[in-house]
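Structure first, then comments.
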Amino acid sequence: MMSKKFIKKILALSLIVLLIVAIAGCGNDNAKKDGNNPSTKDGKITIRVGHVLAPDHTYNLALNHFAELVSKKTNGKVEVKVFPSSQLGNERDLVEGMQVHTVEMGLISTGPISGFVPEIMLLDLPYLFRDQAHAYKVLDGEVGDMINKKMLDAGIRNLAWWDQGFRSVFNTKRPINKPEDMSGIKIRVMENPLMIDTFNIMGASSTPMAWGEVYTALQQKTIDAAEGAMETAYTGGFAEVTKYLSMTKHFYSGVPLLIDEKFFQGLPEDIKKALQEAAVEGRDYERKLLQSREQEMLAKIKEKGVEVNTPDLEPFRKAVQPLYDKYAQKVGGKDLIQKVIDTK
């Protein structure tokens with residue numbers, strides 16, 4: 001018969017073994033989260049990519065195409081799962097999620113990224129780009145590469161610059177034909193100091209707000225206006241809760257397709273190459289699709305009864321010029337701004 005002392009020793013050893021197993025299990029979970037060991041199931045790597053727009057938006061259609069490209073290029077080793085409509089969080093949540101390794105990828109507007117990478121505000125200077133061809137030349141070139149390196153310093157890698165188009169003003173008050181018409185209008189903007197200042201300098205009251213809250217805020221009249229790209233505004237329901245669309249085209253929205261850098265570095269080299277190639281091919285597909293849908297969305301907005309006007313943009317350009325001086329040092333200096341402007 002075993003003594004009580006011996007039984008106590010056995011119990012103590014058993015507890016120690018259980019603790020070691022539990023700690024080892026936690027270590028494995030953390031390893032999956034820290035980006036060094038991508039989680040696999042049946043030999044397949046699963047990558048989640050989130051965005052805040054609707055399932056019928058170009059974002060989602062192009063990301064599904066990206067997922068197909070990745071699967072094909074990796075012979076089915078990688079499965080990309082697309083989560084629209086803020087299912088993985090708003091844009092700021094997605095950036096933070098990649099930094100703490102709880103989300104693998106996100107397709108995200110530049111606005112919220114400015115809190116982590118101030119230099120990206122260069123691209124948010126109002127009336128910086130003449131047209132989309134100008135923007136593509138800058139983003140796909142030396143300037144875009146410079147901003148990509150700054151994002152790497154923040155723990156996020158941009159695989160390619162996708163597109164959302166030029167942004168305009170939707171509101172419930174009146175047509176915006178000149179900057180002074182913005183006076184007293186409470187407008188939702190992204191969480192970005194430059195974007196806030198852009199409308200404040202015209203006399204509006206800028207209200208930073210996550211995208212998922214905008215429709216309800218317009219519906220409940222807690223804000224008077226919102227600004228957004230054509231398709232984004234339509235699929236976001238703006239035509240149902242606003243009366244006027246003014247084609248101010250104040251910001252161009254380049255959209256980086258981001259991946260958690262630590263997660264990316266934990267992938268095999270052939271998978272890294274496949275993701276990069278698919279992102280660039282997906283970029284070209286997405287840009288063409290977006291441009292083909294913009295006029296269609298504008299027609300649908302008009303069909304909903306929204307009054308559309310096209311103002312002279314020169315007074316708007318003059319109104320925001322003080323912001324170029326205010327933000328020059330934050331975005332890389334006046335010479336860099338001029339370099340972008342002079343790009344042919």
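Summary table below
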quantity	calculated
Filter result for the condition that a residue is of a type in the set (S, T, N, Q) and at pLDDT 95 or above, over Gln321, Gln295	Gln321
Residue satisfying condition, being crowded, with 21+ Cβ neighbours inside 10 Å, in contact with a helix residue (DSSP H, G or I) (Cβ under 9 Å, 6 or more places away or on another chain), over 18 Å from Gly50 (Cα atoms) and not polar (S, T, N, Q), within set Leu258, Leu245, Leu298	Leu245
Answer from Leu159, Leu152 - the residue that is at pLDDT 95 or above and in a helix (DSSP H, G or I)	Leu152
Positions within the stretch 53-72 being in contact (Cβ under 8 Å) with a residue 60 or more places away in the chain, among the aliphatic types (A, V, I, L, M) and buried (at least 19 other Cβ atoms within 10 Å of the Cβ), in sequence order	Leu53, Ala62, Leu63, Leu69, Val70
Elements of type helices (runs of 4 or more DSSP H) contained in the stretch 190-284, each with 1 or more residues being more than 21 Å from Thr110 (Cβ to Cβ) and hydrophobic (A, V, I, L, M, F, W, C)	214-219, 238-241, 261-265
Which numbered condition Phe238 misses (of (1) more than 11 Å from Asn171 (Cβ to Cβ); (2) of a type outside the set (Gly, Ala, Ser); (3) crowded, with 16+ Cβ neighbours inside 10 Å)	(1)
Pairs with Cβ under 8 Å, 6+ apart, first in the stretch 305-324 and in contact (Cβ under 8 Å) with a residue 40 or more places away in the chain, second polar (S, T, N, Q) and assigned to a helix (DSSP H, G or I)	Val320/Thr198; Leu323/Thr198
Checklist (1) closer than 12 Å to Lys186 by Cβ; (2) free of Cβ contacts under 8 Å to residues at least 24 places away in the same chain applied to Gln219, failing item	(1)
Pairs, first assigned to a helix (DSSP H, G or I) in the stretch 73-92, second among the aliphatic types (A, V, I, L, M) and crowded, with 19+ Cβ neighbours inside 10 Å, C-beta under 7 Å, six or more apart	Lys73/Ala274; Lys73/Ala278; Glu91/Val52; Glu91/Ile108
Out of Val214, Val241, Val189, sole residue that is closer than 24 Å to Leu298 by Cα, touching a Leu at 6+ places or on another chain (Cβ under 9 Å), of a type in the set (Val, Ile, Thr) and touching a residue at least 12 places away in the same chain (Cβ under 8 Å)	Val241
Selection count, the stretch 120-141, where residues are part of a helix (DSSP H, G or I) and crowded, with 17+ Cβ neighbours inside 10 Å	10
Criterion (farther than 24 Å from Ala210 by Cβ, of a type in the set (A, V, I, L, M, F, W, C) and in a helix (DSSP H, G or I)) met by exactly one of Ala67, Ala62	Ala67
Every pair of residues 6+ apart whose Cβ atoms lie under 7 Å, when the first sits in the stretch 93-105 and is under 19 Å from Asp153 (Cβ atoms) while the second is among the basic types (Lys, Arg) and in a helix (DSSP H, G or I)	His101/Lys33; His101/Lys262
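Per-residue answers, yes or no, for (1) at positive phi; (2) hydrophobic (A, V, I, L, M, F, W, C):
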| residue | (1), (2) |
| --- | --- |
| Asp181 | no, no |
| Gly184 | yes, no |
| Ile187 | no, yes |
| Gln219 | no, no |
| Ala226 | no, yes |
| Ser253 | no, no |
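Let's see how each residue does on (1) surrounded by fewer than 18 Cβ atoms within 10 Å (Cβ to Cβ); (2) touching a Phe, Trp or Tyr at 6+ places or on another chain (Cβ under 9 Å):
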| site | (1), (2) |
| --- | --- |
| Val143 | no, no |
| Arg174 | yes, yes |
| Pro179 | no, yes |
| Ser183 | yes, no |
| Met209 | no, no |
| Glu213 | yes, no |
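The values are calculated or read from the model by the stated rules, or taken from the named source; none is laboratory data. Worth saying up front: this structure is predicted, and the values here are computed from it rather than measured. Note that we place each Cβ from the backbone using ideal geometry, even for glycine, and neighbour counts take in every protein chain shown.
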